[in-house]
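**Q** Submitted below is the structure of interest, expressed as structure tokens.
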Protein chains: 2
Amino acid sequence: MKTDFNEKQIQILLIAETLFAENGFERTSIRTIAKAAEINVAMVSYYFGSKEKLLEALILYRTSDLKIQIENLSHEELDPIEKIDKLIELYINRIRCNKGIYRILHFEFSSEEEEDKLKILNQLRDRNLKSLETIIHEGQQKGIFRKDIIIPLISPTILGTFFHFSMNKPYFKKLLALETDEAFENYIQTKLKTHIQQTIKALLIYES
Amino acid sequence: MKTDFNEKQIQILLIAETLFAENGFERTSIRTIAKAAEINVAMVSYYFGSKEKLLEALILYRTSDLKIQIENLSHEELDPIEKIDKLIELYINRIRCNKGIYRILHFEFSSEEEEDKLKILNQLRDRNLKSLETIIHEGQQKGIFRKDIIIPLISPTILGTFFHFSMNKPYFKKLLALETDEAFENYIQTKLKTHIQQTIKALLIYES
DNA sequence: GTTTAAATTAAACACTTGTTTAATTTTGTA
DNA sequence: TACAAAATTAAACAAGTGTTTAATTTAAAC
């Protein structure tokens, strides 16, 4: 599949991303996208073939966009605890910036088994898991981390906490008295981030 | 709103629940529901008024169904750590049994602010938070738990981890070499449950 | 400047959606 | 049995969906 898109295509992709993230894939019609992008309805089919293929193109566009920052991290000269902290920070920021596409990927298509669509996503997940393993093994060898950790369950805890929080935005805004969207975003980057870091470190270090 | 439904209505509700959970609210048409329930399409409008109101009825049916087991727990004679363990077990089992409706509640309507629909859900969340606070405060007074915990962030960690894991079933089945659906369910009730309990306890107890 | 390909358009297409209608059957009651 | 209310039905409705068509405009190449 082609990975290079022209300006018009990217314009469509970006607007589709916003609308999909706001209202979901099904709830967003091609006509809505066309109107928002100020193009003719037929252009989506013309450029991408179909609505489904537009989504595939969007996934491709966004995931090929993502550099492998996490891989680099595991080779930096930091102690394991600092690496975990940085890893979580990376995770959160990366997803925050690509919130739209992540939301679609994780919740709109997570239960479907259509291999073609998920292949790219799975590759991404596998790479991230490998990097996480490297970091944790290092900490275990140095005697800092406990050894009975199920590593594949770490990322669900990080991502799950983050997603659950940000997907129930109205509830937590009210609960935590966060009046504006900025206050909410700020809470994520400070309190929630710290909470997740604290949680994972506690899990890795704590001796029962 | 009425909370008592006749047999026919419940039959429709149960089938709708399954279909909504499997394919999402939007992707499930009234005709699909009618066919599965072996009734006429008009019956849904006749009994519930509309598709939206059918969902509202389903939420009502399921949440009024849920007894307040968690509230009872906080008054039992157990030490705080045991209570946390039991609380998490309760959470997981309760959601596992009502997976369909929880999936719809948390992901299909989590970003919408429509008060009417979420009112019941919010009440449920508030009650649960209160119970959790009671348990944690008890542990803090006894000097077992640390005092700088942000309690509202505990449930996102529990629920988020669980949801993220079970919503990415295909990926984790492959990753953890769980061949059958039963093996997957079993993994949740053993390994994942323990992982979450371990995580929360570590967070509450660990001194940095 | 003409030709050829790409881009863009409005309109139509075939289909699905949720909902309503009006007629018919079933059920319960007096 | 007769009547009235409830349940059920097939059909129609209006609106929206993704996609395709065929005609037109724009751009590029020669």
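**Q** Tell me which residues come under 5 Å, amide H to amide H, from A:F145 once H is placed; ignore anything under 5 positions away on its chain.
**A** For A:F145, whose amide H was placed from the backbone, the distant partners under 5 Å are A:Q140.
**Q** In degrees from 0 to 90, rounded to the nearest 10, what is the angle of the helix B:7-23 Cα long axis to the longest principal axis of chain B?
**A** 70 degrees
**Q** What span do the alpha-carbon atoms of the protein assembly as shown cover on each of the three principal axes, reported in whole Å from largest to smallest?
**A** 60, 57, 47
**Q** Take the residue pairs B:K35/B:K174; A:K201/B:K173; A:K83/A:K174 and return only those whose Cα atoms are more than 29 Å apart.
**A** B:K35/B:K174; A:K83/A:K174
**Q** Let me ask another. Can you give the Kirkwood hydrodynamic radius of chain A from its Cα pairs, in Å with one decimal?
**A** One decimal place: 19.0 Å for the Kirkwood radius.
**Q** Across peptide A:17-27, how many C-beta atoms of other chains are within 10 Å of each residue C-beta, on average?
**A** 2
**Q** Another one. How large is the Kirkwood hydrodynamic radius of region B:138-206, counting all unique pairs of alpha carbons, in Å?
**A** One over the average 1/r among Cα pairs gives 13.5 Å for region B:138-206.
**Q** If DNA, RNA and ligands are ignored and the probe is 1.4 Å, what is the ranking of A:R62, A:R31 by accessible area, most exposed first?
**A** Ranked from most to least accessible, the order is A:R31, A:R62.
**Q** Once the label point is placed 7 Å from Cα along Cβ, list for A:K174 the distances to the corresponding points in the other copies, in nm, shortest first.
**A** 4.0
**Q** Still on this model: Add +1 for every Lys or Arg and -1 for every Asp or Glu among the other residues with Cβ under 14 Å from the Cβ of A:H195, and state the total.
**A** Charge balance near A:H195 sits at +1.
**Q** Here's another thing I want to ask about it. Using a 1.4 angstrom probe with every protein chain in place, what is the largest-first accessible-area order of A:E26, B:E17?
**A** Heavy-atom accessible area, descending, gives A:E26, B:E17.
**Q** Putting +1 on Lys and Arg Cβ atoms and -1 on Asp and Glu Cβ atoms, find which of A:A16, A:I205, A:L87 reaches farthest to the positive end of the dipole of chain A.
**A** A:A16
**Q** To test your reading of the geometry: what angle, between 0 and 90 degrees and rounded to tens, separates the Cα axis of helix B:80-97 from the longest principal axis of chain B?
**A** Orientation of helix B:80-97: about 20 degrees from the principal axis.
**Q** Taking Cα atoms, how many degrees apart are the long axis of helix A:51-63 and the longest axis of chain A, rounded to 10 and kept between 0 and 90?
**A** Orientation of helix A:51-63: about 40 degrees from the principal axis.
The values are calculated or read from the model by the stated rules, or taken from the named source; none is laboratory data. Computed from a predicted structure; not experimentally measured. Using ideal geometry, Cβ is built from the backbone for each residue, glycine included, and neighbour counts are taken over all protein chains shown. For the accessible areas, the whole protein counts, side chains as well, though only heavy atoms, and no ligand, DNA or RNA atoms are used. Shrake-Rupley method; radii C 1.70, N 1.55, O 1.52, S 1.80 Å.
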